[in-house]
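Here's the structure, in structure tokens; my notes come after.
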Amino acid sequence: MINFPSALIFSILKDLPEQSSILTTLKYIVDRVINAFKLEIEPVVLSADEESLLEKECSSCSDDLVESKEKLSNLSLSEEENEDDTDSDTGDEFLDDLNWQAEKKPVDDNEGLDSAHVSVLDKLQVTATKSLGHYQRSKDASVTASDRLLKELRAVYKSEVVKQGKMTVEPIEDNIYELKVVWFIFDPDSALAKDLAKLAEEKGEKVGVEFRFHFSADYPFDPPFVRVVSPKLVGGHVFRGGAICMELLTKSGWSASYMIETVCMQLSATIVRGESRVLSIQEEKAILEAFKKQRGTTLSSTEYSLEAAKRSFRHIEQSHQKYGWNPNPKS
């Protein structure tokens, strides 16, 4: 029999709407408890050698992984823009209106957007509205998160960085909670920028680093889960599965005012400072062979995937909980 902590139950009851039927209340409590246990950190399946290697690398991360919040705030939402996001949702609360409408306002702020982006936003608004129906929150979405993401995506599409082709953003299968973000801005003198230029020449097309942003119903209060999708990188705080070792992507380093563009700029700086390089097929084979020769074991698949990235990121967080994000804290 599962023993539920009383603190968890009290915190759930505290969030309940004042006027709730007994059935609604019980359903809400059960859903929240189930979700709480679903979010419990699962064991990380890594070999002893891989675990030791990952822990060693994470413990040596320097405190320059994250720019100061003062610098990041220049690209974050202002207090006025962010004030609509300060009220958290209360759960599966039934709305009086016939339908919740994304952004709560008619979409009339399309000035400066091209027709393709307007079409994307219109479709996302309809999809987000239908996904919630009469409810403020579901397992994977919420009014607060959907409103914020639509607002943010509209701002990104209007930004100069997108208009100049230095960044592209598109939803995966019309899902605003999963975005494909390709970033092309890297220090031109860095090894990574030169590797990308070489790769672009080979492919005959512009090449950047593709990130995948996964948002939860608790966004923007919880950070998105961000991983590298392509190309495969070695070094630069990028780990197995495409996981990224960066404090900004954890609850302790996250701020609800950060935006997609803010995160991308920090990601770019972090992987360049970490001297990331594009991993070629030949280099990948050499690494696998060297790992087997030196350690006597075979390194599991180097393919990037969501599940592998989540496992690595959980281990990264556990390592930094042990060592901290600054190996040389000020006394």
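Structure data summary
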item	result
Residue check, V182 touching a Ser or Thr at 6+ places or on another chain (Cβ under 6 Å) and assigned by TED's automatic domain parsing to the domain that holds S257	yes
Single match in I172, I176 (criterion: in contact with a strand residue (DSSP E or B) (Cβ under 6 Å, 6 or more places away or on another chain), of a type in the set (A, V, I, L, M) and without any contact (Cβ under 8 Å) to a residue 60 or more places away in the chain)	I172
Those residues of the stretch 227-283 which are closer than 19 Å to A197 by Cα, part of a loop (DSSP other than H, G, I, E, B) and aliphatic (A, V, I, L, M), in sequence order	L279
Condition met for Q294 (assigned by TED's automatic domain parsing to the domain that holds I172 and at pLDDT 85 or above)	no
Among the residues listed as G241, G208, G235, the single one being under 23 Å from E317 (Cβ atoms), small (G, A, S) and crowded, with 17+ Cβ neighbours inside 10 Å	G241
Residues of the stretch 179-189 that turn out to be free of Cβ contacts under 8 Å to residues at least 60 places away in the same chain, more than 14 Å from the chain's Cα centre (by Cα) and in a strand (DSSP E or B), as a count	0
Number of the condition not met by E152 [criteria: (1) within 26 Å of W183 (Cα to Cα); (2) surrounded by fewer than 19 Cβ atoms within 10 Å (Cβ to Cβ)]	(2)
Residues being among the charged types (D, E, K, R), closer than 24 Å to A256 by Cα and in contact with a strand residue (DSSP E or B) (Cβ under 9 Å, 6 or more places away or on another chain) - total across the stretch 105-161	1
Which listed residue is out of contact with any helix residue (DSSP H, G or I) (no Cβ under 9 Å at 6 or more places or on another chain) and modelled with pLDDT of 95 or more, from E205, E201, E210	E210
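The values are calculated or read from the model by the stated rules, or taken from the named source; none is laboratory data. Please read these numbers as outputs of a predicted model, since none were measured by experiment. Positions of Cβ are generated from backbone atoms using ideal geometry, with glycine treated the same way; all protein chains shown enter the neighbour counts.
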